[in-house]
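This report concerns only the one structure given below.
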Amino acid sequence: MLRTEIRRLAAGARLPSTRELTNRYRVSPVTVARAIATLVSEGLVVSRPGTGTFVADRPAARSAGQAPGRASDLSWQSVALGERVFDTEGLSPLADPPGDDGVISLASGYPHPALMPAKALATALSHAAHLPGAWDRPPAAGLAGLRGWFAAAAAAGIEPRDVLITPGGQAALSAAFRALGRPGDALLAESPTYPGALAAARLAGLRVLPVPVDEQGVVPALLADAFARSSARAFYCQPSFHNPAGTVLAASRRAEVLSVARAAGAFVVEDDACRVLSHGAPPPPPLLAGDDDGRVVYLTSLTKAASPSLRIGALIARGPVAARLSATRAIDDLFVARPLQEAALDLVTRPLWRRHLRDLGAHLRQRAHTLSSALRAGLPDLEFTTPSGGMHLWVRLPAGADDVELAASARRIGVAVMPGRPFFPAEAPAPFLRMTFSAAASDADLREGVSRLAAAAG
């Protein structure tokens with residue numbers, strides 16, 4: 001029915017919201033999402049997260065033997081591909097660079113170019129390119145020096161042999177989930193959580209079950225209950241400057257989380273990529289620092305603090321799981337490009353790296369204050385807590401608001417924000433927005449972005 005309706009609409013026409021389609025056809029939001037994914041795969045619609053779903057342009061004839069104006073029939077692919085849906089909801093604002101269309105980005109998952117160490121990166125890459133053997137094949141697990149640096153930066157007692165270099169944090173997540181579970185297995189995750197982790201887990205065929213968090217992070221008693229009610233053997237969490245909530249897992253809860261996982265015979269996947277984005281005081285030591293039995297699979301990345309294109313991350317694990325992770329990464333990529341590893345090592349081992357992190361933290365603190373002040377003045381009904389690290393405000397909307405519709409309306413008048421719904425493994429308990437303060441060009445743009453959001457909400 002929906003396919004027939006789309007064929008009657010003009011190219012560029014916007015489809016009804018998920019909520020409208022759910023009510024109209026009396027189906028679940030999951031069914032609607034799968035239908036939209038099928039229509040995208042057929043080329044009938046294009047999905048723009050945070051904006052909506054639109055009728056695609058009608059393609060021109062592709063061959064001399066095809067009737068003029070008639071599109072290729074690609075519908076057979078839906079049968080051949082089966083029912084599996086590749087869920088990338090919420091990822092586009094993280095991966096796609098902002099355009100030059102005058103839209104103020106409060107959605108991107110990376111800092112503005114002005115906050116990146118561009119000159120240091122250029123120097124490091126130049127040095128790396130001129131090293132003897134720069135283009136030789138590196139060790140599969142990564143350069144010894146880089147593994148040593150990640151080991152020392154993570155926690156006392158970690159050895160370079162425990163470290164596996166990856167092409168960024170997203171690849172580390174994907175490898176970890178596939179190594180720890182089989183299709184159909186349960187994975188516990190904080191709710192809300194990073195959409196990239198949800199996408200990677202679902203692509204691995206895992207069932208993601210939510211564990212609620214409060215202002216001090218995950219609640220150990222609720223985590224224990226979730227383990228007891230499920231067959232999960234892994235828990236994914238972000239203890240330091242959580243994305244999107246900005247919370248820091250309380251020091252008093254960290255040992256409890258490990259104790260709960262130990263009792264369940266489960267792993268903890270600790271995503272620590274935002275630790276270096278502190279606005280001042282550092283967070284408590286990672287869970288890895290208190291792990292004495294190889295329970296924690298730890299991952300981190302340089303991309304958030306340096307550049308989206310410095311695709312260098314690390315997995316840290318001990319025991320049989322380390323061998324499985326190494327095999328998974330070898331199958332995926334064999335190894336990470338040596339020049340990029342050499343450049344990363346050059347960058348992080350110079351004194352300027354620590355100076356850059358201090359400067360970045362100061363800039364992020366100022367931007368967080370600017371965005372918070374603008375929201376309190378222009379949209380006083382919104383609820384949020386200014387974080388002590390990271391790049392985002394997690395903003396609760398008034399009851400009854402539609403976060404997806406508000407994000408779409410805001411985008412149409414020139415400001416991009418992320419609706420909260422894609423951050424939840426299951427149903428969202430309330431409407432939220434994630435608003436990034438790192439990606440805009442200036443404090444003035446942050447204030448203007450809030451002004452446009454207020455117009456969209458009004």
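The values are calculated or read from the model by the stated rules, or taken from the named source; none is laboratory data. Quantities reported herein were computed from a predicted structural model and do not represent experimental measurements. No Cβ is skipped: glycine too gets one built from the backbone with ideal geometry, and neighbour counts run over all protein chains shown. Heads up: the accessible areas ignore ligands, DNA and RNA and are worked out on the full protein's heavy atoms, side chains in. Shrake-Rupley method; radii C 1.70, N 1.55, O 1.52, S 1.80 Å.
In Å², and per residue, what accessible area does segment 190-345 have when probed at 1.4 Å with the other protein chains present?
34 Å²
How much length, in nm to one decimal, is gained on full extension between GLU20 and THR386, taken as 0.36 nm per residue of separation minus their Cα-Cα distance?
The GLU20-THR386 span can extend by a further 128.4 nm.
What residues qualify as long-range amide H neighbours of TYR236, i.e. H under 5 Å apart, gap of 5 or more or another chain, H built at 1.01 Å from N?
Here the answer is LEU188, ALA189, GLU190, VAL269, since their amide H atoms fall under 5 Å of that of TYR236.
What's the ranking of 135-142, 166-173 by average number of surrounding C-beta atoms within 10 Å, highest first?
166-173, 135-142
Let's test this: bin the Cα-Cα distances of segment 247-305 at 5 Å from zero up to the farthest pair and state each bin's percent.
In whole percents, the pair-distance histogram is 4, 17, 29, 24, 15, 9, 3, 0.
What size of dipole, in debye to the nearest 20, comes out for the chain about its Cα centre when the only charges are +1 on Lys and Arg C-beta atoms and -1 on Asp and Glu C-beta atoms?
In debye, rounded to 20, the chain gives about 540.
Which whole-number percent is the relative contact order of the chain (Cα, under 8 Å, 6+ apart)?
In percent, rounded to a whole number, it is 20.
Across the Cα atoms of segment 204-338, what radius of gyration and what greatest pairwise Cα-Cα distance (Dmax) are found, in Å?
Answer for segment 204-338, Rg first and Dmax second: 15.4, 45 Å.
Grab the beta carbon distance between HIS369 and ALA134, set R0 = 60 Å, and tell me the FRET efficiency rounded to 0.05. Spell out each step's value before the answer.
Numbers: r = 43 Å, r/R0 = 0.71.
Efficiency at R0 = 60 Å is approximately 0.90.
Diagonalise the Cα gyration tensor of segment 369-412 and give the resulting equivalent ellipsoid semi-axes, square root of 5 times each eigenvalue, largest first, whole Å.
19, 12, 11
Nearest 10 degrees is fine. How inclined is helix 443-457 to the longest principal axis of the chain, computing both from alpha carbons?
Approximately 40 degrees, to the nearest 10.
Rank-order 227-235, 11-19, 340-348 by packing density, defined as the average count of other C-beta atoms within 10 Å over each peptide's residues, highest first.
Those peptides, ordered most packed to least, come out 340-348, 227-235, 11-19.
In the chain, what percent of the accessible surface is made up of carbon and sulfur (1.4 Å probe, ligands and nucleic acids excluded)?
Solvent-exposed carbon and sulfur of the chain make up 55 percent of the total.
Rounded to a whole number of µm²/s, how large is the Stokes-Einstein D of segment 321-370 at 10 °C and 1.306 mPa s, given Rh as the Kirkwood radius over C-alpha pairs? If you can, show how the numbers build up before the last one.
Details: Rh = 13.9 Å.
Once the numbers are plugged in, D ends up at 115 µm²/s.
Of ALA306, GLN77, LEU277, which is farthest on the positive side of the dipole of the chain, counting Cα position, with +1 on Lys and Arg Cβ, -1 on Asp and Glu Cβ, and the Cα centre as origin?
Going by the Cα projections, it comes out as GLN77.
Applying 1/(1 + (r/R0)^6) with R0 = 30 Å to the Cβ-Cβ distance of GLU159 and GLN77, what FRET efficiency is obtained, to the nearest 0.05?
Step by step, r from the Cβ atoms, then E = 0.05.
Nearest 5 is fine: what % of DSSP beta bridges in the chain come out antiparallel, could you say?
DSSP beta bridges in the chain are roughly 55 percent antiparallel.
Per DSSP helix of 4 or more residues, -39500 (n - 2.57); summed, then divided by the residues of the chain. What does that give at 222 nm, rounded to the nearest 500?
Helices in the chain give a 222 nm mean residue ellipticity of -12500 deg cm²/dmol.
Ranking request for peptides 113-125, 191-203, 403-415: highest mean number of other beta-carbon atoms within 10 Å first, then the rest in descending order.
Going by the mean number of other Cβ atoms within 10 Å, highest first, we get 191-203, 403-415, 113-125.
Can you figure out the FRET efficiency of SER252 with ALA10, using R₀ = 60 Å and their beta-carbon distance, to the nearest 0.05?
Between SER252 and ALA10 the formula returns 0.55.
Given labels modelled 7 Å from the Cα in the Cβ direction, how far is it in nm from ALA426 to ALA401?
2.5 nm
Which value, in Å to one decimal place, does the Kirkwood hydrodynamic radius take for the chain when every pair of different Cα atoms is included?
For the chain, the Kirkwood estimate is 23.4 Å.
For the pair ARG34/ALA221, report the inter-label distance in nm, with labels modelled 7 Å from Cα in the Cβ direction.
3.8 nm
Looking at segment 331-433 from every direction and averaging, what is the projected area of its Cα convex hull in nm²?
The orientation-averaged projected area of the Cα hull of segment 331-433 comes to 10.5 nm².
Dividing the Cα convex hull volume of segment 158-265 by residue count, how many Å³ per residue is that?
Considering the Cα atoms of segment 158-265, their hull volume per residue is 111 Å³.
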